[in-house]
Amino acid sequence: MKLVTAIIKPFKLDDVREALSGIGVQGITVTEVKGFGRQKGHTELYRGAEYVVDFLPKVKLEIAVDDSLVDKVVEAICSTANTGKIGDGKIFIYDLERAIRIRTGEIGPSAL
Amino acid sequence: MTRTMQAITRFGLLWLILLVPTLALAQLEPTLEPAETMVALVEEAAEAAEPTLDSGDTAWMLTATALVLFMTLPGLSLFYAGLVRAKNVLSVLMQCFAMAGLMSIIWAVYGYSLAFTDGGTFNQWIGSLDKLFLAGVTVDSLEGTIPETVFMTFQMTFAIITPALIVGAFAERMKFSAMLWFMALWLTLVYIPVAHWVWGGGWMEEMGALDFAGGTVVHINAGVAALVAALVLGKRKGYPTTAMPPHNLTLTVIGAAMLWVGWFGFNAGSELAANGTAGMAMAVTQLATATAVLTWMFAEWIDHGKPSVLGIATGAVAGLVSITPAAGSVGPMGAIAIGFLGALFAFLASTKIKKALGYDDSLDVWGVHGVAGIVGALLTGVFVAASLGGVGLEEGMTMGQQVWVQFVSVVATLVYGGVMSFILLKVVDLIVGLRVTEEQETQGLDLALHDERGYSL
């Protein structure tokens, strides 16, 4: 099993969710996050007071999947979250040691 | 970018070019001597007769009074609420609301009496205590052609909004208890005397100072108190290195819009009658504000490259402030000139000069109300001239003399209001302390002082 973490542009969330559902992903955890990468921030001006906003809002997805699905998941995210512009985000993949469904106590891929 | 800049500059120039002929046109107005004589005759006749209640005037003044209260609750409250950070939103709403309560009671107990009765020997400086606890203000008492109750309540709404304006200067850091102490003392020792000087038969009125709806009494007074308060309390923690952007400009725009609408009650209501002067006050209020809105918008566009929502809303307030002293004296084209200059100077004061000097007048009470108030008060002396479309100077008064009188009243208000505010703040600091602790300031005043949060999302 793998845990796929993807940081994407917020307005791409719906597209990505649809694509992931389409390839059989059963669940996603979504968090609103802020951060910076190579995309620069922006400045805001209020009555002459200028603020540089370094941290930009992004959405973080966490998707736990069986090994067989990982490549499809990556492909689905890459194709839907891509705008071709700087700031589209990143995908990180980790090994997932165990997964447990709390309600039934199932362990392993069947818990996903 | 350069193309946008060129386009903007062209717009700006067009704007200036429009102003010049309007001023020239104002000078071409035909003289209406026969009509004026008629008016004078009618007025004399009216003076001779015992004043009676006019239901038209009364209906308008009931409405105007409600409009001016609406400027504070919720207009100014929302204007300010949107400008602070989310953790302090309730604190400024609370401060404005508390003003509506506290000032009404002070006004009824002694404020109205001291401001608007004849003080005998001391009438130059202060009124009497004849109407303490509103003694003698009955169902039947009249002030001109309206019930005195309406006049008293109308003036009460001015005594509410003026201290509420000052709230913006020390937002996000003043103790609520200290704010109540300071405001009660300030109304008593600053607002009431100055209101008497200008409107209650005091020395400024005798000198011939023109202040139709409160340029000196309300805006310069609140502005200088705000500046002094910002200096005495000191900067907010982290200012100016920490970002402190407005948390909800939507609220601010709604508040500014309510102020604009409510200001018709403030300015046109200051005639205390539903007549031609009130009508002209309404028209010039709209024109000055419209000009100021465009002035601030283009100034920011030229200066920064983009026009901003906060800028256009602030421009509206600057325009409304600058026309306030002039509303009953100037004509439409004079109003356009006053709105333009009022907004221009307020723009420079709150976006450039404040930054250069480094004081933390958090919501720009001095920059907008103080500065636009001064510009308006001085220009009233210019555009009152019949040759510039105004109602005409008092007999025997030259434009230079009128401007000098205006200047003296501005300086007197600045000095008296500034010094008294400083003393009162120091006194309150000794009694209860002015500032919240650093920890409370970081936590936000909503939780620290009121055990509440504005937003539970």
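Only Cα pairs within less than 10 Å get springs; with that Gaussian network setup on chain A, which residue of A:Ile102, A:Ile23, A:Ile91 has the largest fluctuation?
Looking only at A:Ile102, A:Ile23, A:Ile91, the biggest GNM fluctuation is shown by A:Ile102.
What are the trypsin sites (Lys or Arg not before Pro) within segment A:68-110 that DSSP puts in a loop, where the Cβ has at most 15 other Cβ atoms within 10 Å?
Passing both the DSSP loop test and the Cβ count: A:Lys85, A:Arg98, A:Arg101, A:Arg103.
How far apart, in nm, are the 7 Å Cα→Cβ label points at A:Thr5 and B:His450?
Each label point lies 7 Å from its Cα, and together they span 3.9 nm.
Just to check I understand the Karplus step: with θ = phi - 60° and J = 6.51 cos²θ - 1.76 cosθ + 1.60, what whole-Hz values come out for segment B:448-457, glycine and proline as x?
5, 9, 10, 6, 9, 10, x, 10, 10, 9
Output the 0 to 90 degree angle, nearest 10, between the alpha-carbon long axis of helix A:70-81 and the longest principal axis computed from the alpha carbons of chain A.
Between helix and principal axis, roughly 30 degrees.
Convert 4 °C to kelvin, take the viscosity as 1.567 mPa s, use the Kirkwood radius over C-alpha pairs of segment B:343-454 as Rh, and evaluate the Stokes-Einstein diffusion coefficient in µm²/s, rounded to a whole number.
74
Taking N as the number of residues in chain A, what value does Rg over Cα atoms divided by 2.2 N^0.38 Å take?
Compactness ratio reported: 1.29.
Name the residues whose placed amide hydrogens come within less than 5 Å of the amide hydrogen of A:Gly35, ignoring near sequence neighbours (fewer than 5 apart) on the same chain.
For A:Gly35, whose amide H was placed from the backbone, the distant partners under 5 Å are A:Leu56, A:Lys58.
What's log10 of I(q)/I(0) for the protein assembly as shown at q = 0.05, 0.06, 0.07, 0.08 Å⁻¹, Debye sum over Cα points only, no solvent?
Results for the protein assembly as shown at q = 0.05, 0.06, 0.07, 0.08 Å⁻¹ read -0.29, -0.40, -0.51, -0.63.
What is the diffusion coefficient of segment B:122-174 in µm²/s, taking the Kirkwood radius over Cα pairs and the Stokes-Einstein relation at 25 °C with a viscosity of 0.890 mPa s?
Stokes-Einstein gives a translational diffusion coefficient of 180 µm²/s.
Give me the dipole magnitude in Debye, nearest 20, for segment B:75-220 about the Cα centre, with unit charges on the beta carbon: positive for Lys and Arg, negative for Asp and Glu.
I would put it at about 880 debye.
Report the paramagnetic label zone for B:Glu394: residues of segment B:181-220 whose backbone N is under 11 Å from a point 7 Å from Cα along the Cα-to-Cβ axis.
B:203-211
Let me check I've understood the local charge: for B:Gln440, count other residues with C-beta under 13 angstrom from its C-beta, Lys and Arg +1, Asp and Glu -1. What total comes out?
0
Work out the length of the dipole vector of segment B:54-450 about its Cα centre, built from +1 on the beta-carbon of each Lys and Arg and -1 on the beta-carbon of each Asp and Glu, and round it to the nearest 20 debye.
Its charge dipole is roughly 1400 debye.
B:Val261 versus B:Phe176, label points 7 Å from Cα toward the beta carbon: distance in nm?
Label at B:Val261, label at B:Phe176, 2.9 nm between them.
Out of the DSSP beta bridges found with both residues in the protein assembly as shown, what percent are antiparallel (nearest 5)?
Bridges in the protein assembly as shown that DSSP calls antiparallel: roughly 100 percent.
Let me confirm one metric for peptide A:38-45, namely the mean number of other chain beta-carbon atoms within 10 Å of its residues' beta-carbons.
Average per residue, whole number: 2.
Starting from the 7 Å offset along Cα-to-Cβ, what nm value, one decimal, do you get for the label separation of B:Thr138 and B:Glu50?
1.4
Determine ³J(HN,Hα), in whole Hz, for all residues of segment A:97-104 in sequence, where each value follows from phi through the Karplus function 6.51 cos²θ - 1.76 cosθ + 1.60 and θ = phi - 60°; x replaces Gly and Pro.
Calculated HN-Hα couplings, in order: 6, 8, 9, 10, 8, 4, 4, 9 Hz.
Filter the trypsin sites (Lys or Arg not before Pro) in segment B:425-457 down to the DSSP loop ones having no more than 16 other Cβ atoms within 10 Å, then list what survives.
Answer in residue order: B:Arg453.
Using 0.36 nm per residue of separation minus the Cα-Cα distance, give me the extension gain between B:Val408 and B:Ala356 in nm, one decimal.
15.9 nm
Pairwise over distinct Cα atoms, reciprocal of the mean inverse distance: report the Kirkwood radius of segment B:74-138 in Å, one decimal place.
Hydrodynamic radius (Kirkwood, Cα only) of segment B:74-138 equals 13.8 Å.
If each residue's Cβ is checked for other Cβ atoms within 10 Å, how do B:Val261, A:Val4 rank with the fewest at the top?
Listed from fewest to most nearby Cβ atoms, that is B:Val261, A:Val4.
Computed from the mean reciprocal separation of all distinct C-alpha pairs, what Kirkwood hydrodynamic radius does chain B have, in Å?
That comes to 22.5 Å for chain B.
Tell me which residues come under 5 Å, amide H to amide H, from A:Ala64 once H is placed; ignore anything under 5 positions away on its chain.
Amide H neighbours of A:Ala64, under 5 Å, 5+ apart: A:Val4.
When the Karplus curve 6.51 cos²θ - 1.76 cosθ + 1.60 is applied with θ = phi - 60°, which whole-Hz ³J(HN,Hα) does each residue of segment B:337-347 get, with x for Gly and Pro?
With the stated coefficients, segment B:337-347 comes to 5, 5, x, 5, 6, x, 5, 4, 5, 5, 4 Hz.
Every read-out reported here was derived from the displayed coordinates using simple, explicitly stated rules and does not represent laboratory data. In this text, all values refer to a predicted model and were calculated from it rather than measured experimentally. Here Cβ is always computed from backbone atoms with ideal geometry, including for glycine, and neighbour counts include all displayed protein chains.
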